[in-house]
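The values are calculated or read from the model by the stated rules, or taken from the named source; none is laboratory data. Computed from a predicted structure; not experimentally measured. Methodologically, a virtual Cβ is constructed for each residue, glycine included, from the backbone with ideal geometry; neighbour enumeration extends over all protein chains shown.
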Amino acid sequence: MAGAIPTTLSSPRTSSVARSSALEESPTARRILIGLCLGFILLFLVTPLLAVFFEAFKKGLDVYFKAFEDSDAQAAILLTLEVAAMAVTLNTIFGLSAAWAITKFKFRGKQLLVTLIDLPFAVSPVIAGLVFILIFGSEGWLGPWCEAHDIHIVFNTPGIVLATCFVTFPFVAREIIPLMQAQGSSEEEAALTLGASGWQIFRRVTLPNIKWALLHGVILCNARAMGEFGAVSVVSGHIRGKTNTIPLHIEIVYNEYQFSAAFAIATLLTLLALVTLVAKALLERFSHQTPT
């Protein structure tokens, strides 16, 4: 009888363990990667934040709080909050409308619309500001008509709102479009067959399904709106007490060698950013825990 050929058989469990062991990084590689990440965060995030607060409080609390007593600083803070509120509201309406149209309807130019939504990510904010100057400036396309009807866009609050809306409008739409595409339209179609109106479908079916993504987009949009500098700097005119937002006010007082005041106001913007990050983290946590 011919000799048996020896074979080596491995159980599925042994093969799985072997594959997982091959995919795992060595302890040294893990430590190096974690160390690089922590070093990057420490160098580019934590250190600048600590420097801002150190410079702000270096001359004491009296100097720190005095920076906020300046009428120009108070006007800049108020204008920033107003512009952010208007930009977020408009972009929320636009984001919902664009997401609804893209995910629920078939029409020509849908892909072009998706591409245009991403346009602010590719265009420099300074270029966006110059575009609004070209359109609404005194020598622009619509500038003479606006002046003839006593409408002031650039170097005024409406221009700042327009510039802020342009650089922030992708955030809400980009958060909810993928989710609505993944969910499909079966629930809306079921509600339609039961006699629900369009508004009832949106309020009772669509909106509850996208509420966490919508809130996430609103938070990101608000953070970007409050910190916008480039486009706003072009269209604002840098009128103190009228068209300066917080970032512009910080630049002005810093260029005037009021370093303590500049860093004091910068801490407010930093705190607003930290609050945004905390709200984003909490929202992500609740969105994973709460069933839709």
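Worth pointing out:
- So THR103, is it among the β-branched types (Val, Ile, Thr), more than 25 Å from LEU79 (Cα to Cα) and in contact (Cβ under 8 Å) with a residue 60 or more places away in the chain: yes
- Selection status of GLN258, more than 19 Å from the chain's Cα centre (by Cα) and at pLDDT 85 or above: yes
- Filter result (among the aromatic types (Phe, Trp, Tyr) and assigned to a loop (DSSP other than H, G, I, E, B)) within segment 132-167: TRP141, PHE155
- Of all residues in segment 184-205, those that are touching a residue at least 60 places away in the same chain (Cβ under 8 Å) have Cβ atoms under 9 Å from Cβ atoms of residues that are surrounded by 15 or more Cβ atoms within 10 Å (Cβ to Cβ) and among the hydroxyl-bearing types (Ser, Thr, Tyr), 6 or more apart or on another chain, in SER185/THR103; GLU188/THR206.
- Number of positions in segment 182-203 that are farther than 18 Å from LEU96 by Cα and in a helix (DSSP H, G or I): 6
- Exactly one residue out of GLY143, GLY237 is of a type outside the set (Phe, Trp, Tyr) and either touching a Pro at 6+ places or on another chain (Cβ under 9 Å) or in contact (Cβ under 8 Å) with a residue 12 or more places away in the chain (or both): that is GLY237.
- Within segment 261-275, the set of residues being of a type in the set (Val, Ile, Thr) and either crowded, with 23+ Cβ neighbours inside 10 Å or modelled with pLDDT under 90 (or both) comprises ILE265, THR270, VAL275.
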